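*Asks:* Right, I'll just put the structure down here and ask away after.
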Amino acid sequence: MTYHLNSNHYPQLDVLTRSRMNMLKNLFMQMNQVVTPAKRYYAAERFKADELYQEGHPYIAELIASLEKLQRTAVPFWDFESLNNLGPTDKLDALDLYFLSKSQTGGNYELFYYSPVEKFVEYVKEEEDPRWWSKAYDKSLEFHDGDLALFITANMNRSIRLFGERGYRLCMLEGGRLTERLVRSSQEGGGSSLVPVMTFYDKPVQELLGVDGYYDVVLSSLIFRGEE
């Protein structure tokens, strides 16, 4: 259909208005979606923390048990209460933990995912490379075969959707706080000693964990060494 020059109808404006309305509709639909606090590995085997003893991963079980006990008594940061109106504050610690541990029964390295909020452990995969640490860490670190590697990751997209631009800062703050709690957990547990880690190689670690490095970002890594 065509319109004469003096017509009050502008088809270009009509198309632009409809496209913007569709964009706003999609944005409002996204805002109304429920933001899940934890990742899901569908069809993956799920464990309770104490069941990891039977799977040959006692260091993971001990560290998680100590962390859960410490989490209940941890004091939140000073502006915790002010975030009540912005989102579910019980999900603020919704960082993700990955454990790469050598099974004491099978002798192979296995990757586990742990949600500190929902308190479940999921089996992710078996690591095929027996010397994966040579790619993930610098050689000067002297990673020992049998050490437990822990990685803290954050879903930046999830936090920004919940809290806007403050989400990035919250991820950084909570990543540091969770690292501090893990260090305390290892000291109080006594089953393993902490090995200082200054850095790691991003791409090999992202491939190791199966994260994209954009939405899911690896914040820090810790290495725990069993008592000899």
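*Asks:* Going toward the positive end of the dipole of the range 109-216, with +1 on Lys and Arg Cβ and -1 on Asp and Glu Cβ, which of 194, 143, 215 do you reach last?
*Replies:* Value: 215.
*Asks:* Counting alpha carbon pairs within less than 8 Å and at least 6 residues apart, what relative contact order, in whole percent, applies to the range 132-228?
*Replies:* Details: 117 pairs, mean separation 43.6, N = 97.
Result for the range 132-228 is 45 percent.
*Asks:* How large is ³J(HN,Hα), in whole Hz, for each residue of the range 102-114 in order, when computed from phi with the Karplus curve 6.51 cos²θ - 1.76 cosθ + 1.60 and θ = phi - 60°, using x for Gly and Pro?
*Replies:* So the Karplus estimates, Gly and Pro as x, are 8, 5, 7, 9, x, x, 10, 7, 10, 9, 10, 10, 10 Hz.
*Asks:* Rounded to the nearest 0.05, what FRET efficiency is calculated for residue 187 and residue 128 with R0 set to 45 Å and r the Cβ-Cβ distance? List each step's numbers first, then the result.
*Replies:* On the way: r = 33 Å, r/R0 = 0.74.
Computed FRET efficiency for residue 187 and residue 128 comes out at 0.85.
*Asks:* What is the fewest-to-most order of 69, 125 by other Cβ atoms lying within 10 Å of their Cβ? Each step should come with its number before you reach the end.
*Replies:* Details: 69 12, 125 16.
Arranged by neighbour count, lowest to highest, 69, 125 become 69, 125.
*Asks:* Now, a different point. Rounded to the nearest 20 Debye, what is the dipole magnitude of the range 43-226 about its Cα centre when Lys and Arg each give +1 and Asp and Glu each give -1 at the C-beta? Mind showing how you got there, number by number?
*Replies:* On the way: 20 positive and 30 negative charges, 87 e Å.
Charge dipole, the range 43-226, about its Cα centre: 420 debye, nearest 20.
*Asks:* Please order 100, 111 by the number of other Cβ within 10 Å, starting at the fewest. Intermediate values should be presented prior to the final figure.
*Replies:* Numbers: 100 25, 111 20.
Fewest to most other Cβ atoms nearby, the residues stand as 111, 100.
*Asks:* Can you tell me, using C-alpha contacts under 8 Å and at least 6 residues apart, the relative contact order of the range 43-226 as a whole percent?
*Replies:* Working: 289 pairs, mean separation 45.5, N = 184.
Over the range 43-226, the number comes to 25 percent.
*Asks:* Strictly over 27 Å apart at the Cα level, which of 125/203; 69/102; 139/203; 102/139; 69/139; 69/203 would you flag in this model?
*Replies:* Details: 125/203 18 Å; 69/102 25 Å; 139/203 16 Å; 102/139 19 Å; 69/139 34 Å; 69/203 33 Å.
As for pairs spanning more than 27 Å Cα to Cα, those are 69/139; 69/203.
*Asks:* To continue, here is another question. Karplus couplings for the range 146-156 from phi (6.51 cos²θ - 1.76 cosθ + 1.60, θ = phi - 60°), rounded to Hz, Gly and Pro as x?
*Replies:* Per residue, the Karplus-derived 3J(HN,Hα) values read x, 5, 9, 9, 10, 10, 9, 10, 9, 8, 4 Hz.
*Asks:* Give me 199, 179 sorted ascending by neighbouring Cβ count inside 10 Å, so fewest comes first.
*Replies:* Details: 199 10, 179 17.
Lowest count first: 199, 179.
*Asks:* When averaged across all projection directions, what area in nm² does the alpha-carbon convex hull of the range 43-226 cover? List each step's numbers first, then the result.
*Replies:* Values: hull surface 41.7 nm².
Approximately 10.4 nm², given one-decimal rounding.
Rule-based calculations on the coordinates, nothing more; no lab input. If you're wondering where the values come from, they're calculated on a predicted model, not measured in any experiment. Positions of Cβ are generated from backbone atoms using ideal geometry, with glycine treated the same way; all protein chains shown enter the neighbour counts.
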